[in-house]
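Below is one structure, written out as structure tokens, with a few remarks after it.
The values are calculated or read from the model by the stated rules, or taken from the named source; none is laboratory data. These numbers come from a predicted model, not from an experiment. When we count neighbours, we look across all protein chains shown, and the Cβ atoms used for this are built from the backbone with ideal geometry, even at glycine.
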Amino acid sequence: MKEIIGVYGAAGSHWVGDGFPVRSLFFYADLGERISPFLMLDHAGPATFTPTNQRRGVGTHPHRGFETVTIVYDGEVAHADSAGNSGVIGKGDVQWMTAARGILHQEYHSEAFARQGGTLQMAQLWVNLPAKDKMSAPRYQGIVDSEIPRVALPNDAGTLRVIAGDYHTQDGQAHIGPAQTYSPVNVWDVHLHADKDIYLQAPASHTTILVVLKGSIIVNGSQAVKADQIVLFQRNDERLLIQTHEASTVLFLTGEPLNEPIVGQGPFVMNTQAEIRQAMLDYHAGRFGA
Ligand code: MN
């Protein structure tokens, strides 16, 4: 079984703009190369918003050097960026945005959601890019719920949505996630019923992180993990065991580590300090677009 390195959680919560009350469940500044190729995960909500005509969210800001993956569980997020992409990410949808050499974007509650009010819950994952791809062109993948394979787990344990990577059922059938990625990763959104157990599997060489978004689980027979905690595993074996006593939602993240230096500041994550300085120069010179 994949050995557990540790269980971690958010030190506190903060607002991203005025629309997203988040807990940062992991961050590369704390965990470094042990979580490569992943950089960060923010869990927003679940939070209830009253109806309004105001725009809630976060205004124009840059990113360079990595990808942002937004998974919406409840509510609606409206997005617009300098590469000309815009749209609404609704319940069950995923936005996989490759900032690469640079993008400016805005993330707001959708107009319809703001007017109506209700519950907002989402996760935003940052995935690092290999050095050779950090200055490639930005890319945008708007993936709607119906495009994401939904696999029934054995023994009526629940369902698993394959957002990226591939999940193999016991009969050998492969379910391939729609997201195109720059390095091998699995991003699976796992919804488990109460009192179930399930083995999940990924290559031993991969970094593996379980993120508990709802409920609570027991990992590998003894480690209790509750909502807004993550489990980070050694790169030593293929399987891990999850047991539930209540309905739980878990993100299963695995990926081949990049084994490259990580140097970041704010919305820029590169390989050297010189590249960070260049990112700031380019941003202030308007080279990220408009
Ligand atoms: Mn952003």
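Identify all residues within segment 225-241 that are touching a residue at least 24 places away in the same chain (Cβ under 8 Å) and either of a type in the set (F, W, Y) or over 21 Å from A204 (Cα atoms) (or both); write none if there are none. Show your work before the answer.
Filtering segment 225-241 for residues touching a residue at least 24 places away in the same chain (Cβ under 8 Å) gives 225, 228-241.
Across segment 225-241, the qualifying residues are V225, D228, Q229, F233.
Could you tell me which of the residues T272, T254, T244 is surrounded by fewer than 17 Cβ atoms within 10 Å (Cβ to Cβ), among the hydroxyl-bearing types (S, T, Y) and either touching a residue at least 24 places away in the same chain (Cβ under 8 Å) or at negative phi (or both)?
Answer to the selection: T272.
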Legend entry - Odd one out for Y283 among (1) more than 16 Å from the ligand (Cβ to nearest atom); (2) surrounded by 15 or more Cβ atoms within 10 Å (Cβ to Cβ); (3) not in a loop (DSSP other than H, G, I, E, B): (1)
Inset, instruction - Within segment 48-56, identify whether any single residue is outside any loop (DSSP other than H, G, I, E, B), under 17 Å from G266 (Cα atoms) and of a type in the set (V, I, T), and answer yes or no. - result: no
Inset, instruction - Could you list all residues from segment 215-239 that are of a type outside the set (K, R), more than 20 Å from the chain's Cα centre (by Cα) and not in a loop (DSSP other than H, G, I, E, B)? - result: I218, V219, Q223, A224
Legend entry - Residues being within 19 Å of T98 (Cβ to Cβ) and either among the charged types (D, E, K, R) or within 14 Å of the ligand (Cβ to nearest atom) (or both) - total across segment 265-278: 5
Legend entry - Of residues in segment 48-64 being surrounded by 15 or more Cβ atoms within 10 Å (Cβ to Cβ) and free of Cβ contacts under 8 Å to residues at least 60 places away in the same chain, the one farthest from Q124 (Cα to Cα): R55
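I want to confirm something. Restricting to segment 232-290 and keeping residues that are hydroxyl-bearing (S, T, Y) and touching a His at 6+ places or on another chain (Cβ under 6 Å), which single residue is farthest from I4 (Cα to Cα)?
For segment 232-290, the residue satisfying everything is T249.
For residues in segment 124-171 being in contact with a Ser or Thr (Cβ under 9 Å, 6 or more places away or on another chain), more than 16 Å from the ligand (Cβ to nearest atom) and not in a loop (DSSP other than H, G, I, E, B), which is nearest to D228 (Cα to Cα)?
Going through the qualifying residues, I end up with G158.
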Legend entry - Residue within segment 111-119 that is within 30 Å of M280 (Cβ to Cβ), at pLDDT 95 or above and touching a Phe, Trp or Tyr at 6+ places or on another chain (Cβ under 6 Å) present: no
Inset, instruction - Scan (1) assigned to a loop (DSSP other than H, G, I, E, B); (2) more than 18 Å from the chain's Cα centre (by Cα) for the single condition S183 breaks and write down its number. - result: (2)
Inset, instruction - Could you please give the count of residues in segment 23-42 that are of a type in the set (A, V, I, L, M), more than 16 Å from the ligand (Cβ to nearest atom) and closer than 24 Å to T272 by Cα? - result: 3
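Check every one of the strands (runs of 3 or more DSSP E) wholly within segment 1-46 and list those with 2 or more residues that are more than 17 Å from the chain's Cα centre (by Cα).
It comes to 4-9, 14-16.
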Legend entry - Number of positions in segment 72-85 that are in a strand (DSSP E or B) and within 14 Å of the ligand (Cβ to nearest atom): 5
Legend entry - Scan of segment 21-48 for residues that are touching a strand residue (DSSP E or B) at 6+ places or on another chain (Cβ under 9 Å) and at positive phi, ordered by number: G45
Inset, instruction - Would you mind stating whether G45 is within 13 Å of the ligand (Cβ to nearest atom), surrounded by 18 or more Cβ atoms within 10 Å (Cβ to Cβ) and in contact (Cβ under 8 Å) with a residue 40 or more places away in the chain? - result: no
Legend entry - H61, sole failed condition from (1) within 16 Å of the ligand (Cβ to nearest atom); (2) at positive phi; (3) at pLDDT 95 or above: (2)
Inset, instruction - Examine segment 101-114 for a residue that is surrounded by fewer than 17 Cβ atoms within 10 Å (Cβ to Cβ) and either in a strand (DSSP E or B) or polar (S, T, N, Q) (or both), and state whether such a residue exists. - result: no
